[in-house]
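See structure below.
The values are calculated or read from the model by the stated rules, or taken from the named source; none is laboratory data. Just so it is clear, the model here is predicted, and its values are computed rather than measured. Note: ideal-geometry Cβ built from the backbone for every residue, glycine included; neighbour counts use all protein chains shown.
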DNA sequence: CCTGCATGAGAAAACCTTTTCCCAACCCGC
DNA sequence: GCGGGTTGGGAAAAGGTTTTCTCATGCAGG
């Protein structure tokens, strides 16, 4: 096997072990271990000498060995079916950040919508003795294509449908919608339309219901929301529906959109019709996707789901579960936040 | 410590070990191990009995123990400073996919631009005995904020500046630009302008040079490229510069843009001026960011950097390095691909 | 001087798997 | 019946660390 002749790791020397540190310091491995971990009893002089030796040798304990013994790997799995997607990114970053602080590393596992792949990943993680799993997805009303309900390690669901009895974290879509509509009302807008995505999404209904509720609470009549696709094109079409009819005095003075892409389509279509934003019509989007929200003319006020906070909270929840703290099962909703840019203007002229 | 009273893992029973399998099958652990791994010699009957027992008990070998022994963890680290970014996503997915097939898991490490965080992550990965590291970033002319040059494990750089002597994979920007310009030429376009991002990016020069080269090769004069920002707004401004001047016959009949956002700005601005795309002017973008390229009117023809292929190649390269196959150091450029939509039209009327 | 205890440090088991070496039994041919 | 080879399987070490136990020493008190 010629390929084995020169395995050629980049630099040959293997990591220094505790045994070598102990030998160099003239003590046993047991003493060395205790010295470095602040355990056991020994003279301050001995402890310091061992520590110094370890430092000099560049000793770093082998996590594999530690994990094997402690039955705790300081490693968690992050399962997602949305690697390409826009939502999982900030979420993953949040999870990762929360855990890095505690010295925990994250396995990234992309399962797409493949059962087999999901199974594979979960088994690999279990074999590697992850301490827990965070499951995230691209929509909160769908399950991941893999069953995590009977694992022997804790699981936290973030932005995906949790199994019954598990702990799940999602954004408070209704609250976010309220934020938007109430913002319009504060600015004096009264005829507030709602243009959103497909009816098959749970969030579409949650947001629409909140929109209706706020209007009703303020004595205003709500028309039917306009449901379509999550696209700019649908934003264009919706403007045609809303502003194409006669009766200029019936036109909305505000449009609350189900996402930023729709909002962009709406803004573009309004401009093309000569309707001014925000003077004539205010627009609010959802998601606060900066690349979109900052490119619209004018820049788009939008509801931010605080996904990275959501991820962080998920990470922390998992950690406390791993530490044996019982957590209340059920879905916890985290508040959204309104990011105000220029598409709503000030109070009406 | 009341919190330790009930550590309460979700389900109490620990994983079944090889020892238990061996006991249940009435053999020694050595024999059990060999039976399951297809090693050693024993009667077919014995081997089968052990396998069956293991299956029944749901035995899965403890990766930690295996890794400790084999000095190979089947784990690699993925270091990025672009968790939120658009480039790292497909890249990460590609790396992950390539490795999952070989039973290798990926640690996701987001270092942003933080030296300290980078150091922390690298040390954590080393401690966990990753077999290698893939380093990726958001631009190919910048180093990650961390030094990976003297690690004892192999490192592959993808879409980020490699250390000297290391193996790096990047997209062939010049080739991608050629693809675009040659496409224009094939369609009969002759006055091809180039609008790109800031001069501080190496890719800006690579693409501009290729643009110049192709024009020269075809006996056409190249003006100066218009350099600005990676934004839609700059696309608008560039149109003003290109089409604002008199001499309609001097107007370009094609604009090759440095990215899709610029291209979108260009297309929008052209429409606002009443200049038709693609009839009057063809537009090509770069990046093939579908969310942008499919939303422009008309949909945008764009150069795709094949980032997920890049990621996959990086993963495979790392794997062969880990296996001791020496790899030629230096930067390898992977071809781009032109995704044709409708912003260039057919041959001119 | 002897008992008892605190102190400092080491031996060894444990975590779980793989692999090398070894041994007993059996079979073959002579 | 016996030497040599084969066959089936086990004992033990190794990997690196942590932790529990044990032990020797020295000192104080009686």
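Across segment A:56-68, the qualifying residues are those that are within 14 Å of chain B (Cβ to nearest Cβ) and under 12 Å from residue A:21 (Cα atoms), and the one among them that is nearest to DNA strand D (Cβ to nearest atom) is A:61.
Take the residues in segment A:319-338 that are within 14 Å of another protein chain (Cβ to nearest Cβ) and over 16 Å from residue A:95 (Cα atoms); name whichever of them is surrounded by the fewest Cβ atoms within 10 Å (Cβ to Cβ). Step by step, filter segment A:319-338, then rank; the result is A:328.
Which ones in segment B:249-273 are farther than 16 Å from residue B:189 by Cβ, more than 28 Å from the chain's Cα centre (by Cα) and either assigned to a helix (DSSP H, G or I) or outside the structural domain of residue B:287 (by TED's automatic domain parsing) (or both)? Answer for segment B:249-273, where residues must be farther than 16 Å from residue B:189 by Cβ, more than 28 Å from the chain's Cα centre (by Cα) and either assigned to a helix (DSSP H, G or I) or outside the structural domain of residue B:287 (by TED's automatic domain parsing) (or both): B:268, B:269, B:271, B:272.
Rundown of residues vs (1) within 20 Å of residue B:184 (Cβ to Cβ); (2) at pLDDT 95 or above, yes/no style:
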{"site": "B:276", "(1), (2)": "yes, yes"}
{"site": "B:284", "(1), (2)": "yes, yes"}
{"site": "B:287", "(1), (2)": "yes, yes"}
{"site": "B:297", "(1), (2)": "yes, no"}
{"site": "B:312", "(1), (2)": "no, yes"}
{"site": "B:320", "(1), (2)": "no, no"}
{"site": "B:324", "(1), (2)": "no, no"}
{"site": "B:335", "(1), (2)": "yes, yes"}
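Could you grab me the full set of residues in segment B:98-113 that are more than 7 Å from chain A (Cβ to nearest Cβ) and either in contact (Cβ under 8 Å) with a residue 40 or more places away in the chain or within 15 Å of the chain's Cα centre (by Cα) (or both)? B:98, B:99, B:102, B:104, B:109 - these are the residues of segment B:98-113 that are more than 7 Å from chain A (Cβ to nearest Cβ) and either in contact (Cβ under 8 Å) with a residue 40 or more places away in the chain or within 15 Å of the chain's Cα centre (by Cα) (or both).
Results for (1) assigned to a helix (DSSP H, G or I); (2) free of Cβ contacts under 8 Å to residues at least 12 places away in the same chain; (3) in contact with a strand residue (DSSP E or B) (Cβ under 8 Å, 6 or more places away or on another chain); (4) not assigned by TED's automatic domain parsing to the domain that holds residue A:107, shown as yes or no for each residue.
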residue	(1), (2), (3), (4)
A:148	no, no, yes, no
A:177	yes, no, yes, yes
A:181	yes, no, yes, yes
A:185	yes, no, yes, yes
A:195	no, no, yes, yes
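Only one entry of B:87, B:74 meets the criterion of being in contact (Cβ under 8 Å) with a residue 24 or more places away in the chain, within 30 Å of residue B:306 (Cα to Cα), in contact with a helix residue (DSSP H, G or I) (Cβ under 9 Å, 6 or more places away or on another chain) and within 16 Å of DNA strand C (Cβ to nearest atom), and that entry is B:74. Within segment B:35-51, which residues are surrounded by 12 or more Cβ atoms within 10 Å (Cβ to Cβ) and more than 12 Å from DNA strand D (Cβ to nearest atom)? Residues satisfying the conditions are B:36, B:51. Condition first: in contact with a helix residue (DSSP H, G or I) (Cβ under 7 Å, 6 or more places away or on another chain) and more than 20 Å from residue B:289 (Cα to Cα). Now tell me which residues in segment B:222-239 satisfy that. Selection gives B:222, B:225, B:226, B:227, B:238, B:239.
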